[in-house]
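Trainee: My questions all concern the structure below.
The values are calculated or read from the model by the stated rules, or taken from the named source; none is laboratory data. All values derive from a computational prediction rather than experimental measurement. Heads up, the Cβs are rebuilt from the backbone with ideal geometry, glycines too, and the neighbour counts pull from every protein chain shown.
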Amino acid sequence: MSHSLALFDPDYFNTFLTAMAVTAAVVFVALHFVTAGYGMMRGRHWGPCIPNRIGWIVMEAPVFIVMCMLWWYSSRRFDTAPLVMFTLFQIHYLQRSFIFPLLIRRSSPMPIAIIAMGMVFNTLNALMQGGWILYVSPADRYPLSWLWSWQMIAGTTLFIAGMAINLHSDHIIRHLRRPGDTAHYIPKGGMFRYVTSANYFGEFVEWTGFAILTWSWAGAVFALWTFANLAPRARDLSRRYETEFGDAYTKLHRRHIIPFIY
């Protein structure tokens, strides 16, 4: 693995982060013209599909696996603050990679193209977050005292709150239909009182919290990517609901993803 660690030279790593940030901006613009074709917004033009349960595992598992490898080979793997950060990150992806797919109540097609793009990003994101926390950051960047810094306390609070919103919103979505029902419904309750895509809002809050608790450009770029990827989709879902449900949806006066703002 030593050859692959050349990426973790600070100069290379900063270039890597810059490229990821620029790509996030491009993706944000592109997704205003191209709708990501999965879930309610699925389209045949995205090509061959596989069952969504398998698709989610294949798409999300790489970030969990790569982070484990980076942790194992790092000389900092038992340093307390980096270990806590690693654990928080992995809790999210343990749920997203291996628990969330099993909770899906209705199997539906998921495009292989979407899965492949997700795999690439997740691998790169593991290199961003794991690379910074476990390799690139100065050796004294995260001492034990970091655990009671304002960044760690505020960021972890946001991270946990975002995860709770995300999990609760997913629960609401899963229980919109009874077995055998294929109709669409407007999600209600929780943060759906304020936004169309409460699950996306929760995820954005999570990774904003992670950026704060690591107080790093790597975390900030991931939060930027989260918004760049999810905000256009949330907007598309709002338009889909408006078209499908008309006044029943518009009278709710919901924002797309950020309460009262966007």
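Trainee: Which of the residues spanning the stretch 229-259 are closer than 28 Å to residue 125 by Cα and in a loop (DSSP other than H, G, I, E, B)?
Mentor: 256, 257, 258, 259
Trainee: Examine the stretch 204-219 for a residue that is farther than 30 Å from residue 81 by Cβ and of a type in the set (Asp, Glu), and state whether such a residue exists.
Mentor: no
Trainee: Would you pick out the residues in the stretch 98-139 that are over 22 Å from residue 34 (Cα atoms) and either assigned to a strand (DSSP E or B) or of a type in the set (Phe, Trp, Tyr) (or both)?
Mentor: Once the filter is applied, which keeps residues that are over 22 Å from residue 34 (Cα atoms) and either assigned to a strand (DSSP E or B) or of a type in the set (Phe, Trp, Tyr) (or both), the stretch 98-139 yields 98, 100, 132, 135.
Trainee: Can you find even one residue in the stretch 53-62 that is β-branched (Val, Ile, Thr) and within 27 Å of residue 158 (Cβ to Cβ)?
Mentor: no
Trainee: What residue, of 211, 154, 220, is more than 17 Å from the chain's Cα centre (by Cα) and either assigned to a loop (DSSP other than H, G, I, E, B) or farther than 22 Å from residue 102 by Cα (or both)?
Mentor: Selected residue: 154, the only one of 211, 154, 220 that is more than 17 Å from the chain's Cα centre (by Cα) and either assigned to a loop (DSSP other than H, G, I, E, B) or farther than 22 Å from residue 102 by Cα (or both).
Trainee: Restricting to the stretch 243-262, name every residue that is of a type outside the set (Ser, Thr, Tyr) and surrounded by 15 or more Cβ atoms within 10 Å (Cβ to Cβ).
Mentor: Listed by number, the residues that qualify are 245, 252, 254, 255, 256, 257, 258.
Trainee: How many residues are over 20 Å from residue 204 (Cα atoms) and buried (at least 20 other Cβ atoms within 10 Å of the Cβ) when one looks only at the stretch 80-100?
Mentor: 2
Trainee: Being surrounded by fewer than 14 Cβ atoms within 10 Å (Cβ to Cβ) and either touching an Asp or Glu at 6+ places or on another chain (Cβ under 8 Å) or of a type outside the set (S, T, N, Q) (or both) is the requirement here; does residue 168 meet it?
Mentor: For residue 168, the condition - surrounded by fewer than 14 Cβ atoms within 10 Å (Cβ to Cβ) and either touching an Asp or Glu at 6+ places or on another chain (Cβ under 8 Å) or of a type outside the set (S, T, N, Q) (or both) - is not met.
Trainee: Among the numbered criteria (1) over 22 Å from residue 151 (Cβ atoms); (2) in contact (Cβ under 8 Å) with a residue 24 or more places away in the chain, which one does residue 72 miss?
Mentor: (2)
Trainee: For residue 123, are the conditions met, namely being over 26 Å from residue 23 (Cβ atoms), of a type in the set (Val, Ile, Thr) and modelled with pLDDT of 95 or more?
Mentor: Spelling it out, it is not the case that residue 123 is over 26 Å from residue 23 (Cβ atoms), of a type in the set (Val, Ile, Thr) and modelled with pLDDT of 95 or more.
Trainee: With (1) in contact (Cβ under 8 Å) with a residue 24 or more places away in the chain; (2) hydroxyl-bearing (Ser, Thr, Tyr); (3) in a helix (DSSP H, G or I); (4) closer than 28 Å to residue 217 by Cβ as the list, and residue 142 as the residue in question, which single condition is left unmet?
Mentor: Of (1) in contact (Cβ under 8 Å) with a residue 24 or more places away in the chain; (2) hydroxyl-bearing (Ser, Thr, Tyr); (3) in a helix (DSSP H, G or I); (4) closer than 28 Å to residue 217 by Cβ, only one is false for residue 142: (3).
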